[in-house]
Structures are given as structure tokens and as C-alpha cells.
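The values are calculated or read from the model by the stated rules, or taken from the named source; none is laboratory data. Remember, predicted model here, so these are calculated numbers, not experimental data. All Cβ positions, even for glycine, are placed from backbone atoms using ideal geometry, and neighbour counts span all protein chains on display.
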Amino acid sequence: MRAAWLTDIHLDFLSRHACDEFFATIASHNPDAVFLTGDISVAPLLLTHLEAMGQALSQPIYFVLGNHDFYHGSMTAVRTAVRECAHAHPLLTYLPEAGVVPLTPSTALVGHDGWGDSRYGNYATSPVKLNDHVLIKELTGLTPHELQHHLMRLGDESASYLRETLPLAFNRYRHVILLTHVPPFRESCWYQGHVSNDEWLPFFACQAVGAVLRETMEARPQCQLTVYCGHTHNSGTAHVLPNLTVFTGAAEYGTPQVNGVIDVE
Ligand SMILES: [Fe+2]
Ligand SMILES: [Fe+2]
């Protein structure tokens, strides 16, 4: 089967007509499925954009959410609304709700949002201030210490889901594809051809997820994990272990693209 991979498409930057043109571009690749690794839109427009995509395409759309998908909203409310929307739409699958999704006899799909969990780089001295901390309800008005606690908790939430779900997938499949928004390793956090520096890493990589992936794959040398992520808007490939590869996708606001068409064996 063939899957079109898209990341950070930020549809809120496009007119309805431009969205339709982009959906037609996706369809022109003739994929069997669409993999979408977050930053689809912003909270007030997210359901409209997901439903429009589900109506324009005839393939299953497997997705996770990125930080922008919660902008101008609350994480709890957005996740609840997305869950309900995906349950009502046969082509939309929000992966954190789906567990292990079979793709082929040897490959399964899993996914969770991930979050910049402040553990890589140097959170204490970083001058970086993200819109996340102004535009997402749960992250506003916090002291630096409270914010760090919250970021860690979000990373831990994704990590604990994957600690439970990945072994279930590998019990039945030799190869697993993981979709997540935030790069899980320092070396997968690309910015202009290099790894992001210690000021940006706290917000652009998820150490808690990385630790679970490393531990899971070191214990299973005969299995393969392929990760697709985005968030940095800069592309790169990181071979973290012989059986663990991470693809990070490029993106540009207002010009969404198909990051790749993946042949799944
Ligand atoms: Fe993005
Ligand atoms: Fe992002």
C-alpha cells in the first residue's frame, strides 16, 4: 500500500479554494491512505478543515494533532471534539484513540501527538517564548516552573501511551510506523540542516517519547520502527538505531505540500 505523508499543513493560512486545490493535489498522488503528522489548523477551524478533508478525499486519513491545533482553544476541549468528529466520520482516524492500526500483513500504524517536553536542551536559560504559552488555555498564565511541569506531563502522556501500545503492535507486526508531531530525538530535531540548539530543543523535541522508542527498539533488534514527524518545519532523516529511523518533514506556512509518498510493505 502507498501512503501520502503530510505535516504542518496549517490550513488556516489558506482560502477554502486553496484548501480544495491542495486536497486535489493529495488525491493526484493516488494514495491508499493519508498520514498527517499534526499542525493541521487552529482550534476554531480544526473540525471544519478535518471534515472538508474527509469529504474531499476517498482514502482513510490517519492523524495526530500538533501544538497549533490547540491555538485559541483548550487541549481538553479540542481533543474531545476531535475524538467525536473522528468517530462520526468513517475516513478520519485520530491515532491516539485507535491503538494498533493494521496496514499490511507485516506493518502496523500507531500514533500520538507528542509535545516539546522541555527535557532536551536548556529550559532554565532559554529565552524562547512560544505562542503555545499564550494561545493554548492550559498553558497560559503559568510560572516557568509550572509551565515546565505541564510540558513534561504532556510528553509523559504520549510516552506512556506508546509504552503500552508499541509492544502490542510488535507482538503481531515486524514493522511499525509511528506518527507523532514532535521529533522524539535531539538528532531528529532539524533546523536548517543542523540539530536545533539548546535554546530551542526544550520546545521542539520530546525526550520522554524518544526514551520509550529507544528502549522498545533496543529490546527488539529483529523489528523495525519508522517514525514520521514535523513541528520544526525543516526536513531531515535520523538513523537513531539500526532498526529505528526518524523522518522529519519540511513545511512552509501558506504552501502545504505532500512530504512524501511512502511505500508500505
Ligand atoms: Fe507547524
Ligand atoms: Fe508544531
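If a residue counts only when it is modelled with pLDDT of 95 or more and within 16 Å of ligand 2 (Cβ to nearest atom), which strands (runs of 3 or more DSSP E) contained entirely in the range 181-265 have at least 2 such residues? Walk me through how you get there before you give the answer.
On the way: elements: 224-229, 236-241, 244-248, 260-263.
So the answer is 224-229, 244-248.
Could you list all residues from the range 119-162 that are assigned to a helix (DSSP H, G or I) and aromatic (Phe, Trp, Tyr)?
TYR161, the sole residue that qualifies.
State all residues of the range 190-234 that are in contact with a strand residue (DSSP E or B) (Cβ under 6 Å, 6 or more places away or on another chain) and within 15 Å of ligand 1 (Cβ to nearest atom); if no residue qualifies, say none.
Scanning the range 190-234 gives TRP190, TYR228, CYS229, GLY230, THR232, ASN234.
Being farther than 22 Å from VAL101 by Cβ and of a type in the set (Phe, Trp, Tyr) is the filter here, so list the residues in the range 2-22 that pass it.
Once the filter is applied, which keeps residues that are farther than 22 Å from VAL101 by Cβ and of a type in the set (Phe, Trp, Tyr), the range 2-22 yields PHE13, PHE22.
Results for (1) buried (at least 20 other Cβ atoms within 10 Å of the Cβ); (2) more than 16 Å from ligand 1 (Cβ to nearest atom); (3) under 24 Å from ALA205 (Cα atoms), shown as yes or no for each residue.
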position: PHE13; (1), (2), (3): no, no, no
position: SER28; (1), (2), (3): no, yes, no
position: PRO31; (1), (2), (3): yes, yes, no
position: LEU36; (1), (2), (3): yes, no, yes
position: LEU109; (1), (2), (3): yes, yes, yes
position: ASP117; (1), (2), (3): yes, yes, yes
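Taking only the range 64-107 into account, find how many residues are part of a loop (DSSP other than H, G, I, E, B), farther than 21 Å from PRO167 by Cβ and away from ligand 1 (no atom under 16 Å from the Cβ).
The qualifying residues number 4.
Tell me, yes or no, whether the range 88-103 has at least one residue that is among the β-branched types (Val, Ile, Thr) and within 16 Å of ligand 2 (Cβ to nearest atom).
No, every residue in the range 88-103 fails to be among the β-branched types (Val, Ile, Thr) and within 16 Å of ligand 2 (Cβ to nearest atom).
What are the residue pairs meeting all of these: first residue in the range 89-101, first residue within 13 Å of ARG79 (Cα to Cα), second residue part of a loop (DSSP other than H, G, I, E, B) and not hydroxyl-bearing (Ser, Thr, Tyr), Cβ atoms under 8 Å, and 6 or more apart or on different chains?
THR93/PRO60; TYR94/LEU65; LEU95/HIS112; PRO96/HIS112; PRO96/ASP113
If ASN171 meets every condition in (1) assigned to a loop (DSSP other than H, G, I, E, B); (2) without any contact (Cβ under 8 Å) to a residue 24 or more places away in the chain; (3) over 22 Å from TYR71 (Cβ atoms) apart from one, which number is that one?
Unmet condition: (1).
Is it true that some residue in the range 166-188 is of a type in the set (Gly, Ala, Ser) and under 19 Å from the mean Cα position of the chain (by Cα)?
Yes, the range 166-188 contains at least one residue that is of a type in the set (Gly, Ala, Ser) and under 19 Å from the mean Cα position of the chain (by Cα).
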